[in-house]
Structures are given as C-alpha cells and as structure tokens.
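Have a look at the structure below before the remarks.
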Amino acid sequence: MVTTRDSDLTLGLDERVALARDADVNIFLSIHLNSIGPDVDPLRPRGATTYYTFPHAKALAERIYRHLSQIGLSGYGAKTASFVVTRQSDFISVLVEVGFLTHPQDEMFLLDAAFRETIADAITRGVVDFVQSQR
C-alpha cells in the first residue's frame, strides 16, 4: 500500500496519480469528504458516493459503496465521472466521497474517530470483496 499524504499538506491531483503510477499500483483510491455550496439546503445531500470513469472500475466502486451503505452512509451510489484521479486506465481508480461535511449527521459521524475507523474498514471490505471476485 502506498499513501500519498500522511499529514496535512497540499499535493496536486496529477502528483497523486504520478506517485501511484511510479509505485506500479493495481488499485488507486482517492478518499474525500464532500460538501455543498451555500445555496443548497444543508439537510438534503448526505451520505457516500463512489465515482469511477472506466467500466473496469465499476465493480470496485459498487462494492465500496455497498459497504459504506451498510454502516449508515447511504447516499448516491456508484456513479461515473471524469475526475483527474479516475481517468487513469493503467490501473483501477475510484474516488470515494464518504459523507458531507455540510450535513449535521454526516459531520457527527466524521468527527468520531471510532466511526472513521468503521469507514476505513468498510472501504477495505469493499476492496477485499472486489479482489476476491477477480480470482
């Protein structure tokens, strides 16, 4: 496993992808916290979303989303999108939005260290399910 950040520093998206490519990864996960603008009702959007660009990453995005839903972060499902980090075709790449900082309940979940561990476990279970399905 390679992490692109282990402290609060700025690292560009292209730099993150380059690090993954240099490490010859098979799977790249970009994990984020979502938010909305001031013109949207903060009580509406909540929960997780996973994004992928290419069909070969769809199953991974779906498995991760399923596990996040099982811990109470149902949201918007697995969706296609063309983000810098998901447009890589030389490895499977998924962007994970684990919840909305702007939703009070999601914020409470995200501030709880034990629940953040639960989120990490759910993402890990999704990856393990995906890898096992490829055998």
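Which one is farthest from the chain's Cα centre (by Cα) among residues in region 96-109 that are among the hydrophobic types (A, V, I, L, M, F, W, C) and more than 11 Å from residue 34 (Cα to Cα)?
Step one: list which residues in region 96-109 are among the hydrophobic types (A, V, I, L, M, F, W, C), which gives 96, 98, 100-101, 108-109.
Then drop every residue that is not more than 11 Å from residue 34 (Cα to Cα), which leaves 108-109.
Working: 108: 19, 109: 16 Å.
Among residues in region 96-109 that are among the hydrophobic types (A, V, I, L, M, F, W, C) and more than 11 Å from residue 34 (Cα to Cα), the one farthest from the chain's Cα centre (by Cα) is 108.
Collect the residues in region 8-49 that are closer than 19 Å to residue 83 by Cα, β-branched (Val, Ile, Thr) and modelled with pLDDT under 90, keeping them in residue-number order.
10, 17, 36
Taking residue 87 as the residue in question, decide whether it is basic (Lys, Arg), under 24 Å from residue 4 (Cα atoms), in a helix (DSSP H, G or I) and more than 13 Å from the chain's Cα centre (by Cα). Working first, answer last.
Details: basic (Lys, Arg): yes; under 24 Å from residue 4 (Cα atoms): yes; in a helix (DSSP H, G or I): no; more than 13 Å from the chain's Cα centre (by Cα): yes.
In short, no.
Restricting to region 22-50, what's the tally of residues that are within 20 Å of residue 130 (Cβ to Cβ) and part of a strand (DSSP E or B)? Full working, then the answer.
So in region 22-50, the residues within 20 Å of residue 130 (Cβ to Cβ) come out as 23-32, 48-50.
Filter again for part of a strand (DSSP E or B), leaving 27-32, 49-50.
Qualifying residue count, region 22-50: 8.
Condition check ((1) in contact with a strand residue (DSSP E or B) (Cβ under 8 Å, 6 or more places away or on another chain); (2) surrounded by 13 or more Cβ atoms within 10 Å (Cβ to Cβ); (3) farther than 16 Å from residue 56 by Cβ) across all residues:
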{"residue": "91", "(1), (2), (3)": "yes, yes, no"}
{"residue": "96", "(1), (2), (3)": "yes, yes, yes"}
{"residue": "117", "(1), (2), (3)": "no, no, yes"}
{"residue": "122", "(1), (2), (3)": "no, yes, yes"}
{"residue": "128", "(1), (2), (3)": "no, no, yes"}
{"residue": "133", "(1), (2), (3)": "no, no, no"}
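Just to verify a result, which residue in region 74-89, among those that are out of contact with any Lys or Arg (no Cβ under 8 Å at 6 or more places or on another chain) and modelled with pLDDT under 90, is surrounded by the fewest Cβ atoms within 10 Å (Cβ to Cβ)?
89
Listed here are the residues, each with its yes/no results for (1) in contact (Cβ under 8 Å) with a residue 40 or more places away in the chain; (2) hydrophobic (A, V, I, L, M, F, W, C); (3) surrounded by fewer than 16 Cβ atoms within 10 Å (Cβ to Cβ).
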site	(1), (2), (3)
4	no, no, no
24	no, no, yes
39	no, no, yes
49	yes, no, no
57	no, yes, no
65	yes, no, no
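The values are calculated or read from the model by the stated rules, or taken from the named source; none is laboratory data. Note that the structure is predicted; figures quoted are calculated from it, not measured. Ideal geometry is used to build each Cβ from the backbone, glycine not excepted, and the neighbour counts take in all protein chains shown.
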